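K.L.:
Below is one structure. I have some questions about it.
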Amino acid sequence: MSHNRSPVEPHTLAQLARRARLASSRARALNAEGRLPAPDLHDADGRPLWNAATIDAWCRTTDRKVADDAVWIYRVPDASATAEELFHGMVEFVPYPGARTAAVFAKCWGTEHGHLVYVREVDGEPGDRGLDYALQARAAAQVVAPRFWPDTLVLVDSGLPYRPNALEDPPDIVLNMYQLSIDETDAPDSEGISPGPETLRERVGRLLGRPAAIAPEPPPRPHATAVRGYGSPEATDVARVIGTPMPTWIRGTCRREAIDRARAYSGTFTVPDTASAWQPTLERLKAAHRKLAGSHPAAFALLAADATATLAEVRGIHAQTRQRGPGWYLVARPAAPALPLDLELELAGLPKVTDLPAEQITAELAELRHAEANLPADDDGEGDALAHAVALLTIAAESIDPNLAVDAVIVEAGTMDGEAADQWRSTLRRHPDPDHVWNTRRGRRLLEYGHHAPDDVRELLVDHADRIIALVPSRAGGLDFIAEWPTGLPSGWNETTIIAGDHDEGRGYGPVLALTRTAEGLCADLVPAPPGSTIFGGFTWGYAGGGPSQLYEALVRVACAIPLGLNDEFRAPYDSELSEIITTTEGPLRLRWADVLAWARHDLPPGGSDQTGERQ
């Protein structure tokens, strides 16, 4: 029975009813009772839509007849024997032209209905940022010849998360199913993509009823394949057609050395823990023990308490981890976490973090914040320990000295365009030793923000507060800046201060600055970003949206002197003049600070609001 719809096209409720051979009234009733499968998406009017594979899987699990054009994994009977394993190991391939070589673990079974290929991306590869599932599926082209593609299903496993309750029954095994096809627009010049003559081994195998083996001809170029998504089958669907449980990996454990071992095992084996937060936590603790235990007791005590909590959490995850479940088995299990005895003895004698003196916390925060930023860039062990100590001290200081807690910088970038930017640049001075800066952690953070090398930087500048700003060429022409952007409340803004920014439709938004005339001359500050916020490319204005809202909240926070920022529920009042100006000004932005103070205090009267974490 044909339904004249692609298996990957979304189906409405009425189309679901036809595919599942249900009366429309019965389908509506089941939907109202919540007995249909969860929809894959919704249309513009909020109506549910289902992929064909979702419908077919539901029909299979509810003993309804599956559509004749369903993917074969849903419509064939259970395997009577274990399918032949045709490939088991690692596949390296180029997912698309110009891409770096990627690697996946793959396992291929031959069934009487077609090939089934399981794929899981290799973890821990250089520059690993996660490869799109559809691109991972292309690896199957390396182990199955094109002649067998029409009946080949590729299952890409996203991996199991290693976190509390994630591996309880049933674990969330997410498989993304694809089919391969030859991309005729970019077919390789190779005989490998044509079916070719049947070999003697293939003919005998066919006559004996054996599943087709992997073809001997060379595979096509990986980027000459296209894939189509066909839903997300359950592990039990897979096990049913191959006659044996399928493998799955905990994220972070599918590494090259583990793949080598997996070929010799049919069950679960133990690997070093590269999946949880314990190993980096332990390395930080060891570095802190060497560097901070004697000189910064508050920082070390906080790091130790954090490590102890992480250890308890990972031990709990390890205890919960199951090695088998319905239709699946775990390939590799992370080793149980352990704390070296010398550190355990050291931690046993530490004071409770609740007993740490407030002045000790604030003094160490101010010192370590500066020290961490100026450590050598290649000293990751000590640097990561200090960075984490600063993060913990910052949280502890929020209730002691909130102004100190937020007196920090984040790295953000923007366009160095407009009159306001020109005024800012005139106040900056050249850094005397850029090479030294690039060899520090703060310098590396600037370069990493835009994936730059030191030679990309036209100028390294410093502002009046010793914050560094790098000028780099812009793709649109001109210059962009990457800056240590302040998050603390400023000082020195007065009745002469002007909030200024410029907008050019061709180049975008320039930085929003506070320009103040002082006895020493002009002083320029980037408008501070609220702590914990992300202002990609800086603040924007001239429309109603998230960017202008961020600018509004940043100005209100400074005007009302709220270090930790407004809470998430705060919204501009309907009669807010400040919000109106920010959202309607389309060209250059020019605001007198005295006016901003008045507008902000109208929107958030002192002592009369429950819309911040501090002003009550």
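The values are calculated or read from the model by the stated rules, or taken from the named source; none is laboratory data. Because the structure is a prediction, the values reported are computed rather than measured. For neighbour counting, all protein chains shown are included, and Cβ atoms are generated from backbone atoms with ideal geometry for every residue, glycine included. Just the protein is used for accessible areas: all its heavy atoms, side chains included, with ligands, DNA and RNA removed. Shrake-Rupley method; radii C 1.70, N 1.55, O 1.52, S 1.80 Å.
K.L.:
Go through segment 344-362 and give me each residue that's loosely packed, with under 15 Cβ neighbours inside 10 Å and within 15 Å of PHE300 (Cβ to Cβ).
P.N.:
Passing the criteria: GLU344, LEU345, ALA348, GLY349, PRO351, LYS352, ASP355, PRO357.
K.L.:
Out of contact with any Gly (no Cβ under 8 Å at 6 or more places or on another chain) and either among the β-branched types (Val, Ile, Thr) or closer than 30 Å to ARG240 by Cβ (or both): is that true of TRP328 in this structure?
P.N.:
Taking the combined requirement at face value, the residue satisfies it.
K.L.:
Which residues, taken from segment 238-289, are over 25 Å from the mean Cα position of the chain (by Cα), closer than 30 Å to GLU112 by Cβ and in a helix (DSSP H, G or I)?
P.N.:
Within segment 238-289, VAL238, ALA239, ARG240, VAL241, ILE242, ALA262 qualify.
K.L.:
Let me ask another. Cβ-Cβ under 8 Å, sequence separation 6+ or interchain: first residue in segment 295-308 and of a type in the set (Gly, Ala, Ser), partner open to solvent by 40 Å² or more (accessible area, probe 1.4 Å) and assigned to a helix (DSSP H, G or I). Which pairs?
P.N.:
If the second residue must be open to solvent by 40 Å² or more (accessible area, probe 1.4 Å) and assigned to a helix (DSSP H, G or I), the pairs left are ALA298/GLN360; ALA301/VAL353; ALA304/GLU346; ALA305/VAL353; ALA307/ARG284.
K.L.:
Something else: All but one of (1) modelled with pLDDT of 90 or more; (2) surrounded by 13 or more Cβ atoms within 10 Å (Cβ to Cβ) hold for GLY46; state the number of the condition that does not hold.
P.N.:
For GLY46, the exception is condition (2).
K.L.:
On to the next question. Could you list, in sequence order, all residues of segment 218-240 that are modelled with pLDDT under 50 and of a type in the set (D, E, K, R)?
P.N.:
Listed by number, the list holds a single entry, ARG221.
K.L.:
Can you find a residue that is over 23 Å from ASP480 (Cα atoms), assigned to a loop (DSSP other than H, G, I, E, B) and in contact (Cβ under 8 Å) with a residue 60 or more places away in the chain anywhere in segment 552-561?
P.N.:
Yes, segment 552-561 contains a residue that is over 23 Å from ASP480 (Cα atoms), assigned to a loop (DSSP other than H, G, I, E, B) and in contact (Cβ under 8 Å) with a residue 60 or more places away in the chain.
K.L.:
Another one. Restricting to segment 329-343, name every residue that is closer than 20 Å to ALA319 by Cα and open to solvent by 50 Å² or more (accessible area, probe 1.4 Å).
P.N.:
ALA336, ALA338
K.L.:
Let me confirm something: among ALA312, ALA298, which residue is surrounded by 18 or more Cβ atoms within 10 Å (Cβ to Cβ), farther than 25 Å from ALA235 by Cβ and hydrophobic (A, V, I, L, M, F, W, C)?
P.N.:
One residue alone meets the criteria, ALA298.
K.L.:
If you don't mind, there's one more thing I want to ask. If you scan segment 110-134, which residues turn out to be open to solvent by 10 Å² or more (accessible area, probe 1.4 Å) and touching a Leu at 6+ places or on another chain (Cβ under 6 Å)?
P.N.:
Within segment 110-134, GLU121 is the sole residue that qualifies.
K.L.:
Pick out, from segment 401-482, the helices (runs of 4 or more DSSP H) lying fully within it that include 1 or more residues that are open to solvent by 20 Å² or more (accessible area, probe 1.4 Å) and farther than 24 Å from PRO563 by Cβ.
P.N.:
Where helices (runs of 4 or more DSSP H) fall fully within segment 401-482 and carry at least 1 residues being open to solvent by 20 Å² or more (accessible area, probe 1.4 Å) and farther than 24 Å from PRO563 by Cβ, they are 419-427, 434-438, 441-449.
K.L.:
Condition first: outside any strand (DSSP E or B), touching a residue at least 12 places away in the same chain (Cβ under 8 Å) and over 24 Å from PRO530 (Cβ atoms). Now tell me which residues in segment 496-512 satisfy that.
P.N.:
Within segment 496-512, THR496, GLY506, ARG507 meet the criteria.
K.L.:
I've got another one for you. Can you name every residue in segment 569-587 that is assigned to a loop (DSSP other than H, G, I, E, B) and either loosely packed, with under 14 Cβ neighbours inside 10 Å or under 35 Å from the mean Cα position of the chain (by Cα) (or both)? Walk me through it before giving the result.
P.N.:
As a first pass, look at segment 569-587 and keep what is assigned to a loop (DSSP other than H, G, I, E, B): 569-576, 585-587.
Result: GLU569, PHE570, ARG571, ALA572, PRO573, TYR574, ASP575, THR585, GLU586, GLY587.
K.L.:
Please find, within segment 319-344, the residue that is nearest to ARG251 (Cα to Cα) out of those that are free of Cβ contacts under 8 Å to residues at least 24 places away in the same chain and either out of contact with any helix residue (DSSP H, G or I) (no Cβ under 9 Å at 6 or more places or on another chain) or part of a helix (DSSP H, G or I) (or both).
P.N.:
ALA319
K.L.:
Could you check LEU489 against (1) of a type in the set (A, V, I, L, M); (2) under 20 Å from LEU591 (Cα atoms); (3) buried (at least 21 other Cβ atoms within 10 Å of the Cβ) and say which number it fails?
P.N.:
Only one criterion in (1) of a type in the set (A, V, I, L, M); (2) under 20 Å from LEU591 (Cα atoms); (3) buried (at least 21 other Cβ atoms within 10 Å of the Cβ) is unmet by LEU489, namely (3).
K.L.:
Next question, about the same structure. Would you point out the residue of segment 1-24, among those that are at pLDDT 80 or above and part of a loop (DSSP other than H, G, I, E, B), that is surrounded by the fewest Cβ atoms within 10 Å (Cβ to Cβ)?
P.N.:
It comes out as ALA23.
K.L.:
Can you name the condition, by its number, that ARG517 falls short on among (1) part of a strand (DSSP E or B); (2) surrounded by 14 or more Cβ atoms within 10 Å (Cβ to Cβ); (3) of a type in the set (D, E, K, R)?
P.N.:
(2)
K.L.:
If you take the residues of segment 25-43 that are touching a Phe, Trp or Tyr at 6+ places or on another chain (Cβ under 8 Å) and modelled with pLDDT of 90 or more, which of them is most open to solvent (accessible area, probe 1.4 Å)?
P.N.:
Going through the qualifying residues, I end up with PRO39.
K.L.:
Considering only residues that are among the small types (Gly, Ala, Ser) and either in a helix (DSSP H, G or I) or under 30 Å from VAL91 (Cβ atoms) (or both), which ones fall in segment 290-305?
P.N.:
ALA298, ALA299, ALA301, ALA304, ALA305
K.L.:
Consider ALA397 against the criteria (1) crowded, with 17+ Cβ neighbours inside 10 Å; (2) touching a residue at least 40 places away in the same chain (Cβ under 8 Å); (3) among the hydrophobic types (A, V, I, L, M, F, W, C): it satisfies all of them except one. Which criterion is unmet?
P.N.:
Unmet condition: (2).
K.L.:
Residue pairs, Cβ under 8 Å, 6 or more apart or interchain, first in segment 352-369 and under 13 Å from GLU398 (Cα atoms), second open to solvent by 60 Å² or more (accessible area, probe 1.4 Å) and hydrophobic (A, V, I, L, M, F, W, C). List them.
P.N.:
Here the result reads ALA358/ILE400; ILE361/ILE400; THR362/ILE400, each pair linking segment 352-369 to a residue that is open to solvent by 60 Å² or more (accessible area, probe 1.4 Å) and hydrophobic (A, V, I, L, M, F, W, C).
K.L.:
Could you please tell me which pairs satisfy a Cβ distance under 7 Å, a separation of 6+ or placement on different chains, a first residue in segment 147-167 that is closer than 17 Å to PRO334 by Cα and modelled with pLDDT under 90, and a second residue that is hydrophobic (A, V, I, L, M, F, W, C) and open to solvent by less than 20 Å² (accessible area, probe 1.4 Å)?
P.N.:
From segment 147-167, the pairs are ARG163/ILE317; PRO164/ILE317; ALA166/LEU160; LEU167/LEU160.
K.L.:
Those residues that are assigned to a loop (DSSP other than H, G, I, E, B) and open to solvent by less than 60 Å² (accessible area, probe 1.4 Å), I need them from segment 375-390; list them, please.
P.N.:
Hits for segment 375-390 are LEU375, ALA377, ASP379.
K.L.:
Being open to solvent by 30 Å² or more (accessible area, probe 1.4 Å), closer than 25 Å to ALA408 by Cα and either of a type in the set (Lys, Arg) or under 31 Å from the mean Cα position of the chain (by Cα) (or both) narrows it down to one residue among PRO563, PRO531, PRO511, PRO548; which is it?
P.N.:
Of the residues listed, the single one that is open to solvent by 30 Å² or more (accessible area, probe 1.4 Å), closer than 25 Å to ALA408 by Cα and either of a type in the set (Lys, Arg) or under 31 Å from the mean Cα position of the chain (by Cα) (or both) is PRO531.
K.L.:
Moving on. Looking at PRO454, PRO473, PRO486, which is the one that is within 29 Å of the chain's Cα centre (by Cα) and within 16 Å of LEU526 (Cβ to Cβ)?
P.N.:
Result: PRO486 is the single residue among PRO454, PRO473, PRO486 that is within 29 Å of the chain's Cα centre (by Cα) and within 16 Å of LEU526 (Cβ to Cβ).
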